[in-house]
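These notes are about the structure you will find just below.
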Amino acid sequence: MLRVLLLTLFVVTIAHAELCKPDAQNAFKVRLSIKTALGDNAYVWDANEEYLFRAVVAFTMRKYSSKSTTRISNVLLCNVTDRVSFWFVVTDSSENVTTVPGSEVEAAIRMNRNRINSAFLLSDKTLQFLEITSTLSPPVEPSTPVWLIVFGVVLCLIVAGIVFLIVAGIQQRKKKNKESTEGENLEDKGEVTVTVENGIPCETLDLKAGHINGVFAADDERFTSL
């Protein structure tokens, strides 16, 4: 009986070794950069972490196929290195002698990639399925439409231009009124201005007070006196 059990275990081990090996059919290589992602808070990759990975992959397959047939024992790991890289396959749930098609495993991984990353506190860049392309997250759409932002900017520029024109017009009108008022004040005071013609200064007549020519004043005094 013991021989039968040992023989069965030996056959199963050989079968698993044939199913899970580098570049085997339906096998996928995984590389983790725990130190790069977490720094001083990096955890050690050990048998417990391997068990968690197998459990997460089994969960992913069950979630994808909506069946409860995949178990943790169906996820096989091999060629684990100290720099945390390994290969894995998902075996058929009935006999563990065949593997699930790689297309199904890839689809399940892509569908639940965020859940896998969260389980190990990693991202697509630090938890890499080398044969599976990473799923790009949908672009973030702004809460405010772009056309509304552009419309608001243009409207602000128009309003600023209108305000500038109004303020400039008011200042120009005030300046003209000030110049007009100063001119009227000069006329009211009757100030005599001196103009220059041909290089000779000439006095301008004061229109209100008048101006007496000295030559004619002397003649008047000479001929009118008796």
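Points worth noting:
- Residue satisfying condition, being of a type outside the set (S, T, N, Q), in a loop (DSSP other than H, G, I, E, B) and either open to solvent by less than 30 Å² (accessible area, probe 1.4 Å) or modelled with pLDDT under 95 (or both), within set 76, 136: 136
- Yes/no for residue 66 being free of Cβ contacts under 8 Å to residues at least 12 places away in the same chain, at positive phi and not basic (Lys, Arg): yes
- Being within 19 Å of residue 115 (Cα to Cα), open to solvent by less than 40 Å² (accessible area, probe 1.4 Å) and touching an Asp or Glu at 6+ places or on another chain (Cβ under 6 Å) is a property that holds for residue 28.
- Residues that are in contact with a Lys or Arg (Cβ under 8 Å, 6 or more places away or on another chain) and open to solvent by 40 Å² or more (accessible area, probe 1.4 Å) are absent from segment 40-57 altogether.
- Any hit, segment 5-13, residues being out of contact with any Ser or Thr (no Cβ under 8 Å at 6 or more places or on another chain), modelled with pLDDT under 95 and not in a helix (DSSP H, G or I): no
- Within segment 103-132, considering residues that are β-branched (Val, Ile, Thr) and more than 24 Å from the chain's Cα centre (by Cα), the one surrounded by the fewest Cβ atoms within 10 Å (Cβ to Cβ): 132
The values are calculated or read from the model by the stated rules, or taken from the named source; none is laboratory data. None of these values were measured; they are calculated from a predicted model. Every residue, glycine as well, gets a Cβ built from its backbone with ideal geometry; the counts of neighbours run over all protein chains shown. Surface areas here come from the heavy atoms of the whole protein model, side chains and all, with no ligands, DNA or RNA. Shrake-Rupley method; radii C 1.70, N 1.55, O 1.52, S 1.80 Å.
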